1. Just one of the numbered conditions (1) in contact with a helix residue (DSSP H, G or I) (Cβ under 8 Å, 6 or more places away or on another chain); (2) part of a helix (DSSP H, G or I); (3) closer than 21 Å to residue 121 by Cβ; (4) at pLDDT below 95 is not true of residue 27; which one?
2. Since residue 72 meets every condition but one in (1) over 30 Å from residue 376 (Cα atoms); (2) exposed (fewer than 11 other Cβ atoms within 10 Å of the Cβ), which condition does it not meet?
3. Across the stretch 344-368, what is the number of residues that are assigned to a loop (DSSP other than H, G, I, E, B) and touching a residue at least 12 places away in the same chain (Cβ under 8 Å)?
4. Scanning the stretch 274-314 for residues that are modelled with pLDDT of 85 or more and outside any helix (DSSP H, G or I), which turns out surrounded by the most Cβ atoms within 10 Å (Cβ to Cβ)?
5. Looking at the stretch 334-373 only, could you name the residues that are touching a strand residue (DSSP E or B) at 6+ places or on another chain (Cβ under 7 Å) and within 19 Å of residue 299 (Cβ to Cβ)?
6. Tell me which residues, restricted to the stretch 417-440, are loosely packed, with under 13 Cβ neighbours inside 10 Å and assigned to a loop (DSSP other than H, G, I, E, B).
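The values are calculated or read from the model by the stated rules, or taken from the named source; none is laboratory data. From a predicted model like this one, the values you see are computed outputs, not experimental measurements. Glycine gets a Cβ as well: all are built from the backbone with ideal geometry, and neighbour counts include every protein chain shown.
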């Protein structure tokens with residue numbers, strides 16, 4: 001989600017590069033490994049650089065904190081109005097406004113995965129304040145992001161399953177800048193004590209219901225993609241009783257009564273603006289070029305297939321192996337297959353001989369392309385045929401990728417249970433908290449730890 005209320009693209013920003021390396025390297029350093037002093041230092045340095053960039057972004061929040069609840073309600077009403085207008089356009093026969101095809105939607109799901117797979121991470125640091133009633137709103141929000149330990153409600157588990165269902169779990173390299181928001185969330189989670197106002201402000205922005213979430217859910221459903229991850233956020237982030245409301249309450253609870261009140265609020269507004277660093281959903285959606293994605297995908301696969309084909313079939317006087325022998329020839333290869341009738345653009349892909357080689361019972365290249373890769377080829381071949389109301393995707397093969405069930409006797413679960421035995425309540429809380437980190441909470445032991453943390457917190461308060 002994002003703090004933006006409209007569909008405008010975010011302003012371009014310089015990408016932070018810290019001592020940890022690229023944004024992706026910073027993201028991976030913060031996501032992996034133990035919670036040590038080095039990770040804290042990386043988090044603080046990264047957030048400081050991001051805060052400095054956020055100072056150049058426009059300020060959208062009201063100047064007076066007491067006006068915040070009204071502002072949030074007005075934002076929510078504005079989004080509802082814009083969504084109603086969108087629905088009217090669609091009911092009037094208007095086309096989808098986000099996703100031109102199923103491949104386009106899957107591209108989007110893949111591109112935002114670095115952020116979605118650390119959902120809620122910016123609030124990890126509030127766990128240590130479980131005994132302080134002022135943090136209750138933030139703590140409740142974090143635990144709900146974790147599904148309260150229920151895998152069916154854990155946001156990361158849900159998104160991981162969504163990726164797996166469409167063959168996106170082993171995605172190609174994602175652009176470095178698309179790790180920025182995920183890195184911001186992870187860094188805030190580890191630098192929460194030093195950057196508490198920024199955490200509060202970021203939470204205020206992230207938990208506002210954005211228009212793109214509503215439209216995404218609507219169009220994903222049209223394309224036979226489960227929108228549950230998105231619809232879950234539509235309900236849980238409402239401004240009446242949901243996370244957006246809790247975000248305002250938490251600010252009011254944690255605002256200083258007198259000293260440094262103005263400075264605290266200024267930092268909150270900077271934290272809010274951290275949401276606007278990097279590429280937003282609209283920018284990512286608009287960046288999709290189907291033909292370019294097809295060429296890039298085939299180029300990634302080219303080295304693995306350049307010696308695997310027989311020489312009996314030639315296109316424009318060159319064998320398939322010759323077409324695949326060097327970079328930069330694939331555009332000509334696709335054109336040659338069209339000229340020879342192996343690919344018939346803007347028709348049902350079943351009419352193309354090339355498509356029947358990769359999809360269907362007995363296909364000669366069965367298994368060569370992932371579900372997402374096949375979707376790219378399907379939608380590119382189909383072209384205008386899709387706009388005529390035809391199917392948006394090939395039939396999903398039986399046994400499509402899905403997240404495997406974890407064994408009941410998981411070793412991490414067993415080890416955690418043994419560690420907790422005999423510990424005093426406060427010691428158990430210390431043992432449980434690291435398991436609620438972005439790295440662990442979606443795994444069986446992390447889900448168990450989340451449930452135990454909630455149970456123990458209610459007893460100790």
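1. All conditions are met except number (4).
2. (2)
3. 8
4. Filtering first and then ranking leaves 278.
5. Let us first name the residues in the stretch 334-373 that are touching a strand residue (DSSP E or B) at 6+ places or on another chain (Cβ under 7 Å), namely 336-337, 340.
Answer for the stretch 334-373, where residues must be touching a strand residue (DSSP E or B) at 6+ places or on another chain (Cβ under 7 Å) and within 19 Å of residue 299 (Cβ to Cβ): 336, 337.
6. Answer for the stretch 417-440, where residues must be loosely packed, with under 13 Cβ neighbours inside 10 Å and assigned to a loop (DSSP other than H, G, I, E, B): 421, 422, 424.
Quick grid of which residues meet (1) in the same structural domain as residue 243 (by TED's automatic domain parsing); (2) modelled with pLDDT of 95 or more; (3) surrounded by fewer than 17 Cβ atoms within 10 Å (Cβ to Cβ); (4) over 30 Å from residue 285 (Cβ atoms):
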position	(1), (2), (3), (4)
50	yes, yes, no, no
62	yes, no, yes, no
82	yes, yes, yes, no
86	yes, yes, no, no
